[in-house]
Amino acid sequence: MVKKEEKFVAFIDKRFEQYCVENFDLDGDGKISEEEALKVLRIDCSCNEIESLDGLEYFRNLTYLDCSTNNIKGLCIKNEKLEFLDCSSCDIDYLCVRHCPNLRFLNMSQNPYYCEWLDLHYNTQLEELHIYECISVLVLVDANFCLHSLEDYMIDDDVEFLVWTEENRDLDVCPFCMDEESESDD
């Protein structure tokens with residue numbers, strides 16, 4: 001009988017790897033297998049001086065992610081099951097959540113260097129949005145998205161909303177995640 005070769009999560013950041021091994025290494029081998037990653041529903045790696053969440057893509061059943069108060073500069077998450085994301089206080093340069101259609105809570109507050117787009121036009125399930133102490137954020141939402149339905153939106157005066165319509169559909173809103181445009185539209 002041939003034993004199936006086990007694949008492991010490839011981490012770039014040693015602190016994120018250490019957090020995951022300490023919390024999700026079920027067989028005690030000091031690594032996270034793809035199978036172990038699939039069992040994880042919640043990650044709270046806040047306050048760990050993490051600089052990169054590369055490897056997060058293996059945690060495909062994740063519904064909750066708190067990576068706040070870290071040193072993360074950019075975040076591009078592709079997870080259809082993710083409902084909760086707190087990436088506040090990270091000095092984020094860019095955030096892409098276009099591949100998180102079930103996102104209900106987003107806190108990206110206290111990221112003072114974030115001064116580009118926040119593309120939420122695919123996140124029509126969003127109920128709670130926090131964007132305070134961010135500089136000049138332009139939030140892009142779908143025409144069917146009802147801003148008044150948000151339960152809570154703590155927003156600075158520098159934040160503007162732009163409704164995604166046929167006229168502005170060609171805007172390059174997220175250069176970090178545009179590579180799979182055709183796949184996401186299917």
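The values are calculated or read from the model by the stated rules, or taken from the named source; none is laboratory data. Small disclaimer: the values here were computed from a predicted structure and weren't measured. When the accessible area is computed, the model is the full protein with side chains, heavy atoms only, and any ligands, DNA or RNA have been set aside. Shrake-Rupley method; radii C 1.70, N 1.55, O 1.52, S 1.80 Å.
For GLU80, GLU34, GLU5, the ranking by accessible surface with the largest value first comes to GLU5, GLU80, GLU34, using a 1.4 Å probe. When the surface is traced with a 1.4 Å probe over the full set of protein chains, GLU51 keeps roughly 110 Å² accessible. Measuring with a 1.4 angstrom probe and ignoring ligands and nucleic acids, LYS31 comes out at about 90 Å² accessible. Surface composition of region 11-139: carbon and sulfur make up 44 percent of the accessible area, probe 1.4 Å. Accessible area per residue was computed with a 1.4 Å probe on protein heavy atoms; GLU133 scores about 100 Å².
Using 0.36 nm per residue of separation minus the Cα-Cα distance, give me the extension gain between PHE24 and GLN125 in nm, one decimal.
Details: separation 101, 0.36 × 101 = 36.36 nm, distance 2.87 nm.
Gain in length upon complete extension: 33.5 nm.
Quick check: residue separation of ASP93 and LEU38 times 0.36 nm, minus the Cα distance between them. What number comes out in nm? Walk me through the numbers before you get to the answer.
Working: separation 55, 0.36 × 55 = 19.80 nm, distance 2.85 nm.
Full extension from ASP93 to LEU38 adds 17.0 nm.
When ARG60, ARG98 are compared by accessible area of protein heavy atoms, the largest-first order is ARG60, ARG98, using a 1.4 Å probe.
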